[in-house]
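**Student:** Mind looking over this structure? Questions follow.
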């Protein structure tokens, strides 16, 4: 039995999860199957967050200092990391382990991405890796899966946390993600692994079903792999609080429904976002 603080944390997490699931249902109803996210052409643990694009359209201003929404506290800008070391320490307090998904999920090999590398979608819609751009202080992607068995294939999951200098830079990341979907509805992750028929949607806090994050981005499509077969469902869910973005990518498999994948993604995204808010939000007075 936990104390009052533990119970408050659990209640908040359930609320975030319900809101995130609502957004998935909203986006999923207009898409066929699954969504995109989290793999680069040369690494198993790739995030789907690109380097800066000079042609990207300017993102909307978004919430100036959050709102009165109890699920989105005001950002305490004094807590934003200023150095790479501070950003990596913050990232370590936000990124999740397999326990955040549930008992079926285990770690994949390799488990963590190279912290010095960053995925970039090139002009031919092929994912490559490059050094970190100037607007990224720290990023990490961890890879997990549900092993095949009981009539189901192997479901792959990636969890990504990226720390920028400020909210404007993290907003640009979401804007570029939307631009990528429009530019490349079909993408090559690596040799023998592709995403097809991608569709994405982005909602600021207060728009549609988004009552839990400053800016929500979700993507659905199909995942095809020489190893895993397909087409299978694909889902990418990304959320933002201040300078931090968190994201979950789910590559489907036989025996898993869209609801299964949405539930896993919503639960893990919610936990990372809650931890970001606890680290960077202003304390209630």
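The values are calculated or read from the model by the stated rules, or taken from the named source; none is laboratory data. Just so it is clear, the structure is predicted and the values come from calculations on it, not from any experiment. Note that each Cβ is placed from the backbone with ideal geometry, even for glycine, and that neighbours are counted across all protein chains shown.
**Student:** Determine which member of the set 206, 201, 211 is in contact with a helix residue (DSSP H, G or I) (Cβ under 6 Å, 6 or more places away or on another chain) and part of a loop (DSSP other than H, G, I, E, B).
**Tutor:** Only one candidate qualifies: 211.
**Student:** Keeping to the stretch 75-90, report how many residues are in a loop (DSSP other than H, G, I, E, B) and buried (at least 19 other Cβ atoms within 10 Å of the Cβ).
**Tutor:** Residues flagged as in a loop (DSSP other than H, G, I, E, B) and buried (at least 19 other Cβ atoms within 10 Å of the Cβ) within the stretch 75-90 amount to 2.
**Student:** Report whether or not residue 120 is surrounded by 23 or more Cβ atoms within 10 Å (Cβ to Cβ) and either modelled with pLDDT under 95 or over 25 Å from residue 261 (Cβ atoms) (or both).
**Tutor:** It is false that residue 120 is surrounded by 23 or more Cβ atoms within 10 Å (Cβ to Cβ) and either modelled with pLDDT under 95 or over 25 Å from residue 261 (Cβ atoms) (or both).
**Student:** Six or more apart or on different chains, Cβ under 9 Å: which pairs go from a residue in the stretch 195-214 that's at positive phi to one that's surrounded by fewer than 23 Cβ atoms within 10 Å (Cβ to Cβ) and part of a loop (DSSP other than H, G, I, E, B)? Could you list them?
**Tutor:** 197/31; 197/32; 197/33; 197/185; 197/186; 206/63; 206/67; 206/69
**Student:** A further question on this structure: Looking at the stretch 203-214 only, could you name the residues that are buried (at least 22 other Cβ atoms within 10 Å of the Cβ) and touching a strand residue (DSSP E or B) at 6+ places or on another chain (Cβ under 6 Å)?
**Tutor:** Once the filter is applied, which keeps residues that are buried (at least 22 other Cβ atoms within 10 Å of the Cβ) and touching a strand residue (DSSP E or B) at 6+ places or on another chain (Cβ under 6 Å), the stretch 203-214 yields 210, 213, 214.
**Student:** Looking at 93, 107 in this structure, which one is in contact with a helix residue (DSSP H, G or I) (Cβ under 9 Å, 6 or more places away or on another chain), exposed (fewer than 14 other Cβ atoms within 10 Å of the Cβ), at pLDDT 95 or above and within 27 Å of residue 230 (Cα to Cα)?
**Tutor:** Numbers: 93 fails: within 27 Å of residue 230 (Cα to Cα).
Answer to the selection: 107.
**Student:** Then there's this: Regarding residue 172, is this residue within 21 Å of residue 220 (Cα to Cα), in contact (Cβ under 8 Å) with a residue 40 or more places away in the chain and outside any strand (DSSP E or B)? Break it down into steps so the answer makes sense when it comes.
**Tutor:** Details: within 21 Å of residue 220 (Cα to Cα): yes; in contact (Cβ under 8 Å) with a residue 40 or more places away in the chain: yes; outside any strand (DSSP E or B): yes.
Criteria met by residue 172.
**Student:** For residue 278, state whether it is buried (at least 23 other Cβ atoms within 10 Å of the Cβ) and either within 13 Å of the chain's Cα centre (by Cα) or not in a loop (DSSP other than H, G, I, E, B) (or both). Please lay out each step first, then the result.
**Tutor:** On the way: buried (at least 23 other Cβ atoms within 10 Å of the Cβ): no; either within 13 Å of the chain's Cα centre (by Cα) or not in a loop (DSSP other than H, G, I, E, B) (or both): yes.
No, not satisfied.
**Student:** Given the condition in contact with a strand residue (DSSP E or B) (Cβ under 6 Å, 6 or more places away or on another chain), farther than 30 Å from residue 134 by Cα and free of Cβ contacts under 8 Å to residues at least 40 places away in the same chain, answer yes or no: does some residue in the stretch 232-254 qualify?
**Tutor:** No.
**Student:** State all residues of the stretch 215-259 that are buried (at least 24 other Cβ atoms within 10 Å of the Cβ) and not in a strand (DSSP E or B); if no residue qualifies, say none.
**Tutor:** Those that are buried (at least 24 other Cβ atoms within 10 Å of the Cβ) and not in a strand (DSSP E or B): 242, 243, 252.
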